[in-house]
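Participant: Mind having a look at this structure? Questions to follow.
The values are calculated or read from the model by the stated rules, or taken from the named source; none is laboratory data. Quick caveat, the model's predicted, so the values are computed rather than measured. Cβ coordinates were reconstructed from backbone atoms using ideal geometry, including for glycine residues, and neighbour counts include every protein chain displayed.
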Amino acid sequence: MRKIQTGSDERKKKKRNQFIVGVVLILVMVLSTFGIVMDSLGGSEKIQDKINYNGFIFNLKNNLWQLEIGDYKFSFYNNPAQVENLTSYVSTNLSKLNNYVSQPLYISSQDYTSNSEIYTALSPFVERVQLACHSNESCTGDYPIKNCDNNFIIISESNQTSIYQQDKCVFISGPKQELIKLTDLFLFKILGIKE
């Protein structure tokens with residue numbers, strides 16, 4: 001049988017339960033604050049979301065490095081520091097951006113991401129961007145055949161890593177996993193971000 005409780009017993013029990021709930025809530029809040037403080041003191045490594053490279057400010061937004069130069073906004077998969085180890089593979093004779101302005105640009109690419117990055121970065125400056133086939137390669141699509149008399153960027157998978165220019169053709173080649181880094185490096189070079 002259940003013991004009959006008086007009003008004062010019920011109030012004491014209710015106060016005790018409220019006290020226990022209050023203590024538990026305070027402990028949760030204190031431990032949460034402690035966890036946040038420890039995290040900010042280096043409990044976990046924070047990814048740097050802003051870098052200054054040669055006076056150019058890159059901001060990480062939506063997993064892309066954003067850069068503003070004048071009225072233009074550029075997006076890159078990598079920042080210049082992330083492609084530093086590939087600099088030795090680049091020839092020094094790459095044309096700068098002003099050689100592409102108001103002229104058609106042709107691209108032949110085995111890598112969709114690299115192709116897309118060049119299109120996005122350079123389309124505001126060129127007359128048009130168009131897929132094409134280089135005269136030295138077999139063409140599988142209905143694309144125009146172009147040679148190095150035209151501004152032409154050829155991106156291909158290779159065991160040899162390199163970025164070089166021959167006449168108006170730029171050849172970007174390397175292992176598949178490096179192609180987007182090489183493409184970013186090429187863009188950094190022609191935009192004057194990297195010397």
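Participant: Give segment 68-104 a look and list any residue that's on the phi < 0 side of the Ramachandran plot and without any contact (Cβ under 8 Å) to a residue 12 or more places away in the chain, or say none.
Facilitator: Glu68, Asp71, Lys73, Glu84, Asn85, Ser88, Thr92, Asn98
Participant: Can we say Ser88 is out of contact with any strand residue (DSSP E or B) (no Cβ under 8 Å at 6 or more places or on another chain), closer than 30 Å to Ile118 by Cβ, of a type in the set (Ser, Thr, Tyr) and at pLDDT below 95?
Facilitator: yes
Participant: Which members of segment 134-185 meet the condition of being over 16 Å from Gln110 (Cα atoms) and aromatic (Phe, Trp, Tyr)?
Facilitator: Tyr164
Participant: If a residue has to be under 13 Å from Lys194 (Cβ atoms) and crowded, with 18+ Cβ neighbours inside 10 Å to count, how many in segment 55-88 make the cut?
Facilitator: Residues in segment 55-88 being under 13 Å from Lys194 (Cβ atoms) and crowded, with 18+ Cβ neighbours inside 10 Å: 9 in total.
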